[in-house]
Every structure is written in structure tokens, then in C-alpha cells.
1. Testing residue 93 on (1) in contact with a helix residue (DSSP H, G or I) (Cβ under 9 Å, 6 or more places away or on another chain); (2) at pLDDT below 65, one condition comes back false. Which one is that?
2. Just to check your reading of the model, which residue among 105, 29, 86 is over 30 Å from residue 141 (Cα atoms), touching a residue at least 12 places away in the same chain (Cβ under 8 Å) and buried (at least 16 other Cβ atoms within 10 Å of the Cβ)?
3. Applying the selection to segment 144-169, what residues are in contact with a strand residue (DSSP E or B) (Cβ under 8 Å, 6 or more places away or on another chain) and at pLDDT 85 or above?
4. Out of the residues in segment 58-67 that are part of a helix (DSSP H, G or I) and either over 29 Å from the mean Cα position of the chain (by Cα) or in contact (Cβ under 8 Å) with a residue 12 or more places away in the chain (or both), state the one that is surrounded by the fewest Cβ atoms within 10 Å (Cβ to Cβ).
5. Quick one: which residue in 94, 51 is surrounded by 12 or more Cβ atoms within 10 Å (Cβ to Cβ) and in contact with a strand residue (DSSP E or B) (Cβ under 6 Å, 6 or more places away or on another chain)?
6. From the set of residues in segment 108-123 that are in a helix (DSSP H, G or I) and at pLDDT 65 or above, which is surrounded by the most Cβ atoms within 10 Å (Cβ to Cβ)?
7. Suppose we keep only residues that are touching a helix residue (DSSP H, G or I) at 6+ places or on another chain (Cβ under 8 Å) and assigned to a strand (DSSP E or B) within segment 26-49. Which one would you say is farthest from residue 157 (Cα to Cα)?
């Protein structure tokens, strides 16, 4: 007998926290990518020039300066990668899958999770690049904290969904309870 396709939300129909965690992680991620993460002040002769960057603006600025490889790395690991991971969690929660498909997707998300600190590393690259320029001062802004919170929320959500998948797998593999047989006298009509 082949097990039917079921979504994780069908295993836990009263579980409302997972969609909220995924939605909250996406909201934090969008805020972290669009809010200013750093303000860079450059001293040029007697004049101070101040620029504020978000992750999205930093990627655009890197590309405009010809740093295409670095712009692509930051874009992929800070923008595409986190959304792919959260999209995979949403898929795992809402789409009907066989147990093997669910296990494969969870392993894929686990593999992505091992790379999750590259998000932070990519933002750190922006900060270091700004600091390496002569006569600059870099100040962190709210976006760096929101971005960090998005990464932590995504990691916690992934961990929670992983736990639910493992519980569902154990429940699916549990042997069916054997119903006690009815007395023989009721079966024969006596």
C-alpha cells in the first residue's frame, strides 16, 4: 500500500504558528534588505560626504562600480538564498507530498541551512569594503539588526518545521493499533 500525498499542514491542521513564522521571517527579510544597514561618512578635504546603504542599494552600488562578482555573491546569498529557503518551507508546509519527497525537501533545506551564515558574511563584506576606503567612518543602522533577526527567525522556523516533519514521519510509521476481536458468539449470531 502506497502512502497518500499529504501536506504537513494536513498532519497538523490546528497548527497556526508555522504560517505566522514563515510570514514573519519574510517580513523581516524584506525589511532587512530594504532598510539602511550602514551609513558611510567620507572625509574629502574639508567636506564630509555621507551615504546610507541598504543591502539592495549596496548590491546596486557594487555593480555600478564594476564589482560584478561581489555584487552577484551578495545578491545571491543575501537576497535570493533566504527567499528560496523560506519558499521551500512554505512548499513543505502547504503542498501535498509523499514522505520521500518531504524528506528530500527537508534535506535540501538542511543543506541550505548550512550556508545560512553566508547571508551575514555577505553583509559583512559590504561593511569591510566601506571601511577599507580612506577616511571613512561606518555606522550600523537598523536594517542590519532587522536583517540579522530575519536570519535567526528563518533558522528557528526551519528547525521547528524540521521537528514537525520528524514527528509526522514517526506517527506515519507507527504500527496501527490492533483492535480486539469481538467475541465469537457475536460473530456467529448466537
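The values are calculated or read from the model by the stated rules, or taken from the named source; none is laboratory data. Keep in mind that what you see is a predicted model, and the values were worked out from it rather than measured. Don't worry about glycine lacking a Cβ; one is built from the backbone with ideal geometry, like all the others, and counts go over all protein chains shown.
1. (2)
2. Numbers: 29 fails: over 30 Å from residue 141 (Cα atoms); 86 fails: over 30 Å from residue 141 (Cα atoms).
Exactly one residue qualifies, and that residue is 105.
3. Answer for segment 144-169, where residues must be in contact with a strand residue (DSSP E or B) (Cβ under 8 Å, 6 or more places away or on another chain) and at pLDDT 85 or above: there is none.
4. Of the residues in segment 58-67, the ones part of a helix (DSSP H, G or I) are 58-64.
Those still in the list that are either over 29 Å from the mean Cα position of the chain (by Cα) or in contact (Cβ under 8 Å) with a residue 12 or more places away in the chain (or both) too: 58-59, 62.
Values: 58: 26, 59: 24, 62: 22.
Taking the candidates together, the pick is 62.
5. Values: 94 fails: in contact with a strand residue (DSSP E or B) (Cβ under 6 Å, 6 or more places away or on another chain).
Going through 94, 51 in turn, the sole match is 51.
6. Restricting attention to segment 108-123, the residues satisfying the condition of being in a helix (DSSP H, G or I) are 108-114, 117-123.
Applying the additional criterion that residues be at pLDDT 65 or above yields 108-114.
Working: 108: 14, 109: 20, 110: 12, 111: 9, 112: 16, 113: 15, 114: 8.
Ranking the qualifying residues of segment 108-123, first place goes to 109.
7. 40
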